[in-house]
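S.K.: Let me begin by handing over the structure; questions about it come next.
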Amino acid sequence: MLEIIETLLVLQDRDRTIVQGRAEIDGLEIERVSVNERSASAEAAQASAEQAGKELEVKKNALEVDAAGEQTKIITYSKQQLETKDNTQYRAFVKQIEDCKKNISNFETDELMVLEEMDAQTETLKQTRADLDAANHDKATALSEIDERETNLQKQIGETEILRAETAAQIDEDTLARYDRLLKKGRANIVVDVEHGACGGCHMKLPTSDVANLKSSQEVNYCPNCSCIIYYTRDMNLESAGA
Ligand SMILES: [Zn+2]
């Protein structure tokens, strides 16, 4: 294999390491978002459980105020009942007092139901608090792990960039410029072999004369279709698949 091809393959290897490292760092950002989302949604569940608890408390207090109001009415009606000499009026007060007692009984039934809901709500609140604590605990651990992975990746990328520059310095300007153009386009396969007479990058069949040249060529060759660098090695099958 030509020395320049060997150097280009090393360069390509370093660039793949750098590209992959950067992609992994992007992935870490997505992981951070999802770790934070879990905590945020546990926090929202906790807040809504607290709010539901407060609303039940308000409901319970309102029912107690209503019942006390009916109790006050009973006292007033009882007094008026004792004072009246009129039978019809007397019976009317009896009826009003009965109505008030019925209302009190209804308010008390409602309050019992609210109290049951409050018990259930207390359990829900305990659960949401436990979930939030767990999410926050895991969040701290996960975020510090992600930070550590990022630091390691940055270090690896930095080291590879230095090695990459050393390798690039061994390649002539023209070849390096053509290589870098393809790299900038985001191509992962830039220096490729030839299999069955086709380019390993775009898999298009190469002209027969190009394939024949490749074996003895002492310079860098490019695929006429996708412009990537094509090379020959002894164990490569240069014959086209159909031939
Ligand atoms: Zn090609």
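Taken together, the values in this text are just the output of simple stated rules run on the coordinates, not laboratory data. Keep in mind that this is a model prediction, so the values were computed, not measured. Don't worry about glycine lacking a Cβ; one is built from the backbone with ideal geometry, like all the others, and counts go over all protein chains shown.
S.K.: Round to the nearest 10 and give me the degree value, 0 to 90, for the angle of helix 87-168's Cα axis relative to the longest principal axis of the chain.
M.R.: Compared with the principal axis, the helix lies near 20 degrees.
S.K.: With the cut-off at 1.5 for a/c, could you classify region 134-207 from its C-alpha gyration tensor as rounded, prolate or oblate?
M.R.: Note, shape of region 134-207 comes out oblate.
S.K.: Report, in debye and to the nearest 20, how large the dipole of the chain comes out about its Cα centre when Lys and Arg carry +1 and Asp and Glu carry -1 on their Cβ.
M.R.: 720
S.K.: Using a 10 angstrom cutoff on alpha carbons, build the Gaussian network for the chain and name the most mobile of ARG14, ARG149, ARG91.
M.R.: Most flexible of the set in this elastic network: ARG91.
S.K.: Sticking with this structure for a sec: Running a GNM on the chain with Cα contacts under 10 Å, which residue among THR88, THR17, THR109 ends up with the highest mean-square fluctuation?
M.R.: Answer for the Gaussian network model of the chain: THR88.
S.K.: Using Cα atoms only, what is the angle between the long axis of helix 173-184 and the major principal axis of the chain, expressed in degrees (0 to 90) to the nearest 10?
M.R.: Computed tilt is about 20 degrees.
S.K.: By count of other Cβ within 10 Å, fewest leading, how are VAL114, VAL94 ordered?
M.R.: Ordered by Cβ neighbours within 10 Å, fewest first: VAL94, VAL114.
S.K.: Let me ask something else about it. Sequence-distant or interchain residues sharing an amide H contact under 5 Å with ILE230, placed H: which?
M.R.: Amide H to amide H, under 5 Å and 5 or more residues apart or across chains, ILE230 pairs with VAL192, ASN221, TYR222, CYS223.
S.K.: Hey, what number do you get for the chain at 222 nm if only DSSP H runs of n ≥ 4 count, each worth -39500 (n - 2.57), divided across all residues, to the nearest 500?
M.R.: Rounded to the nearest 500, the figure is -28000 deg cm²/dmol.
S.K.: Projected onto the charge dipole of the chain (+1 at Lys/Arg Cβ, -1 at Asp/Glu Cβ, origin at the Cα centre), which of GLN154, GLY197, ILE104 gives the Cα projection farthest towards the positive end?
M.R.: ILE104
S.K.: Hey, another quick one. Using the alpha carbons of region 173-231, what is the convex hull volume per residue in cubic angstrom, as a whole number?
M.R.: So the per-residue hull volume is 70 Å³.
S.K.: Okay, moving on. Calculate the spin-label point distance for ASN225 paired with ALA165, positioning each point 7 Å from the Cα along the beta-carbon direction, and give it in nanometres.
M.R.: A separation of 3.8 nm, rounded to one decimal place.
S.K.: From the gyration tensor of the Cα coordinates in the chain, what semi-axes in whole Å does the equivalent ellipsoid have, largest first, with each one equal to sqrt(5λ)?
M.R.: 89, 20, 12
S.K.: Apply 1/(1 + (r/R0)^6) to the Cβ-Cβ distance of ARG22 and ASN189, taking R0 = 25 Å, and write down the FRET efficiency to the nearest 0.05.
M.R.: With a Förster radius of 25 Å, E is 0.90.
S.K.: Counting other beta carbons within 10 Å of each Cβ, put ILE25, ILE74 in order, fewest first.
M.R.: The fewest-first ordering by Cβ neighbours comes to ILE25, ILE74.
S.K.: So, one more: Can you compute the FRET efficiency between SER144 and ASN61 using 1/(1 + (r/R0)^6), with r the Cβ-Cβ distance and R0 = 45 Å? Round to the nearest 0.05.
M.R.: 0.50
S.K.: Would you please give the residues with an amide H less than 5 Å from that of LEU206, counting only those at least 5 places away or on a separate chain, with H modeled from the backbone geometry?
M.R.: ALA198, CYS199
S.K.: Pop the C-beta distance of GLU37 and ASP174 into the FRET formula with R0 = 35 Å and round what comes out to the nearest 0.05.
M.R.: Efficiency computed from Cβ-Cβ geometry: 0.10.
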